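For reference, the structure discussed in these notes is given below.
The values are calculated or read from the model by the stated rules, or taken from the named source; none is laboratory data. Just so it is clear, the structure is predicted and the values come from calculations on it, not from any experiment. Positions of Cβ are backbone-derived with ideal geometry, glycine not excepted, and every protein chain shown enters the neighbour counts. With ligands, DNA and RNA removed, areas are computed over all heavy atoms of the protein, side chains included. Shrake-Rupley method; radii C 1.70, N 1.55, O 1.52, S 1.80 Å.
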Amino acid sequence: MNRCFRTILLSLAAIAASATVALADIGQIKNVSGAVFILRDKIQQPAKPGDLVQQSDVLITGANGAVGLTFIDSSRLSAGPNSRIELKQFRFNPTTQDGEFVTEVQRGTLAVVSGQIAKRSPDAMKVKTPTTILGVRGTTFAVQVEE
Amino acid sequence: MRRQIWLACLMLAGCATVKPAPKVNTYVVLLPEEGGASTAVIVGEGAQAVTLDQPFGGATVDSAGNIQRQASSAAQTDQIFGAALAAQPPKALSFTLYFDTNSTQVTAASRLQLDTLMAEAARRQAVEVQVTGHTDRVGSDADNDRLSLQRAEAVRTMLVQNNIKATFIRAVGRGEREPLVPTADEQAEPRNRRVEVILR
């Protein structure tokens, strides 16, 4: 079943990949332990503290991996082992503090401390999982997704 | 093309026939807030949505989308999320340093704060530093723009001299535009002669 889904997803991804736009850096990796990678434009590279992240990046941790990031709106995300987290959408205006932040936890664990985006507008920060969507009202919480 | 569509339909049908019974896929838990502010996470959308607004309040969502409340505890949260929580970067911190009149010298009273700032900056991994200089309203706008930037640059220089390995340090001067304490023009105000530093 897994392979079956993957085939479909890959076909869909190939269609969607045509419109990728380079966007500004939205946050920074602060700490890394064990195996941690950033997947960007289909290229997976080891992550290290100080690396900048962009919208559409996927964070991947191995069996012993963990990673912590801070975003330009002061949101903080951290992931535990065997995680796959996509930074799906990020938009932030530092002057008005308006923005949008959508993260998808595809598997693993994610701890979230929301920042200015969620503070400014209650529906602006969301965390998706394969089965649900979480609306963030300015808060600290954690999500686990099991495949 | 038509053939591809048929193939996709067949694949989808194949997936559907082997779909297992719903099992728990997502687990969410609201954690105690650092500042103690009242907060919430809304799980799901529409009529079925569940609001978590108590510390360690939790919910599970299965593969069919069914949401069920399931309270947690500190011990259980630590067991599941320990590694993720341990990787949480420290909160952004801000510091205010005050300056002597018409000077880029930090006041004697701000020395301790300066030491705390340097120690905190040294402790952080991949720290980003935002330095913003300000003046009071004595003197011309142009002079104050220059002085505020010099104050910010003085703090940047101290960070560099203290071997702070920042991923970036941004120093800007805001002149007399953003007083901490509003005053009439040409009025001396020690609380406005300051540099604000944010560590992230």
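Residues in the stretch B:67-99 that are within 10 Å of chain A (Cβ to nearest Cβ), more than 30 Å from B:Ala152 (Cβ to Cβ) and surrounded by fewer than 20 Cβ atoms within 10 Å (Cβ to Cβ): 5 in all. Comparison of B:Ala59, B:Ala40 shows that the only residue that is more than 7 Å from chain A (Cβ to nearest Cβ), in contact with a strand residue (DSSP E or B) (Cβ under 8 Å, 6 or more places away or on another chain), at pLDDT 90 or above and open to solvent by less than 60 Å² (accessible area, probe 1.4 Å) is B:Ala59. Just checking, does the stretch B:99-114 include any residue being assigned by TED's automatic domain parsing to the domain that holds B:Thr183, at pLDDT 95 or above and touching a Ser or Thr at 6+ places or on another chain (Cβ under 7 Å)? Yes, the stretch B:99-114 contains a residue that is assigned by TED's automatic domain parsing to the domain that holds B:Thr183, at pLDDT 95 or above and touching a Ser or Thr at 6+ places or on another chain (Cβ under 7 Å). All conditions in (1) free of Cβ contacts under 8 Å to residues at least 40 places away in the same chain; (2) buried (at least 17 other Cβ atoms within 10 Å of the Cβ); (3) under 20 Å from A:Ile133 (Cα atoms) hold for B:Thr51, with the sole exception of (2). Test A:Gln45 against the criterion of being without any contact (Cβ under 8 Å) to a residue 24 or more places away in the chain, open to solvent by 40 Å² or more (accessible area, probe 1.4 Å) and not aromatic (Phe, Trp, Tyr), and give yes or no. In short, yes. For the stretch A:52-67, enumerate the residues that are within 11 Å of chain B (Cβ to nearest Cβ), farther than 16 Å from A:Glu104 by Cα and open to solvent by less than 30 Å² (accessible area, probe 1.4 Å). Hits for the stretch A:52-67 are A:Gly65, A:Ala66.
Applying the set (1) open to solvent by 60 Å² or more (accessible area, probe 1.4 Å); (2) over 18 Å from A:Pro130 (Cβ atoms) to A:Lys88 leaves exactly one unmet item: (2).
Against the list (1) closer than 22 Å to A:Leu77 by Cβ; (2) in a helix (DSSP H, G or I), the condition B:Phe56 fails is (2).
The set of residues in the stretch A:68-83 being more than 9 Å from chain B (Cβ to nearest Cβ) and either open to solvent by 10 Å² or more (accessible area, probe 1.4 Å) or within 23 Å of A:Glu146 (Cβ to Cβ) (or both) consists of A:Asn82 alone.
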